[in-house]
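Below: the structure, in structure tokens.
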Amino acid sequence: MKNKHLVFLFIVTLLVGLAIRRAPWQNSKFFQTNLLRLDTASVQQIQVTLPGQDILYLLRGDAGWSAEQGDRSVNLPQEVAQKMLATLADLRSIRIAKTNMPDTLGFLPATAIHVSIIHDKSQNETLTIGWETIENSQPATFIQLPKHEGIYLANNHLRNIFSKTLSDFRNQSIVRFAPSKVRGFYLFEQNSKDSLLFQKKDSTGIWESPKGVHCYPNDSVQIWLTKIAGLRGLHFADLFDESHSSEAFYGKISLVIETQEEPLSLTIFHLPPQSVPEVRSLQKMDRRQIAPFVLHSSQNPANYFALNDTILLRDICWPFLKK
């Protein structure tokens, strides 16, 4: 073999060696396997802890799954629990991620999500979820498991699946109706024992109270009904004390809808300033849950909603203001 061929082979060997040393897999060891030995039928409880939140307990019972957080609980949709269980059972490592800076992978206390799986008989499992990424064009997530050393890059994006609070499972809808189907509405005022009914006169298109004492043009009523039908996105008023509803009563509107047997009632409560709790004394409480006015809908009887927006309050209370 000629010398120039030997020199060529030497250079090629040297370049290949350098490429291998600098290749990304030298910093990550491939280790593909199921990370959890999970019998989904034996899982009785899943605990999820998000930064700054109380522990969310997902509990399996005879009637199905439920969710508890703080002092509240709701029924958990079966598909939510099944998706979590299927994700945990299918949790596979892509590789071991070697790093001297695990905090950069989402494992700081302010960003990490902790998940505990409680079995009925076998040993419990826990994992910590870090940042999500893309590996070979596939979704992946960095995770830590106390039973294993180091950090794994696992298949699938996990944060959205487990980044849940009780509010995600509560009924957040306020009203469901078509303004065109409303045939009348009642007004129940504060400090009044009687209600006032308004109905639309077909001949004039005017909405009138009995004997025509009060009236509204149809265009104004339709604008008002459309605003109410669009109510959404309000925060739960979990600090409202239902036992004080009588003294806090501000007014109620009941809509008579031709497609519904029972009227749709919206009740508004006004909390005096001294009864609104100081946010400074509350931990882990969203300020948006505290408001001087609270709204309750008969279509969502289990929840109360905070009214912080004074413009929205005036929109809802329009008949009281204009009458």
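The values are calculated or read from the model by the stated rules, or taken from the named source; none is laboratory data. Just so it is clear, the model here is predicted, and its values are computed rather than measured. Counting neighbours? That spans all protein chains shown, and the Cβs are built from the backbone with ideal geometry, glycine included. When the accessible area is computed, the model is the full protein with side chains, heavy atoms only, and any ligands, DNA or RNA have been set aside. Shrake-Rupley method; radii C 1.70, N 1.55, O 1.52, S 1.80 Å.
Quick notes on this one:
- Cα gyration tensor shape for the range 79-148, rounded if a/c is under 1.5, else prolate or oblate: prolate
- Here the gap between D90 and N160, fully extended at 0.36 nm per residue and compared with their Cα-Cα distance, gives a gain of 23.6 nm.
- Between E149 and T310, the modelled label-to-label distance comes to 6.4 nm, taking each label 7 Å out from Cα in the direction of the beta carbon.
- Accessible-area value, D238, 1.4 Å probe, nucleic acids and ligands omitted, Å²: 40
- The range 37-186, relative contact order [Cα under 8 Å, separation at least 6], %: 24
- Length gained on full extension, D120 to K181: 16.8 nm, using 0.36 nm per residue less the C-alpha separation.
- Members of K164/K227; K83/K147; K181/K252; K181/K227; K193/K227; K200/K227 lying beyond 21 Å, as alpha-carbon distances in this model show: K164/K227; K83/K147; K193/K227
- Stretched out straight at 0.36 nm per residue, the stretch from D194 to N218 would grow longer than its current Cα-Cα span by 6.2 nm.
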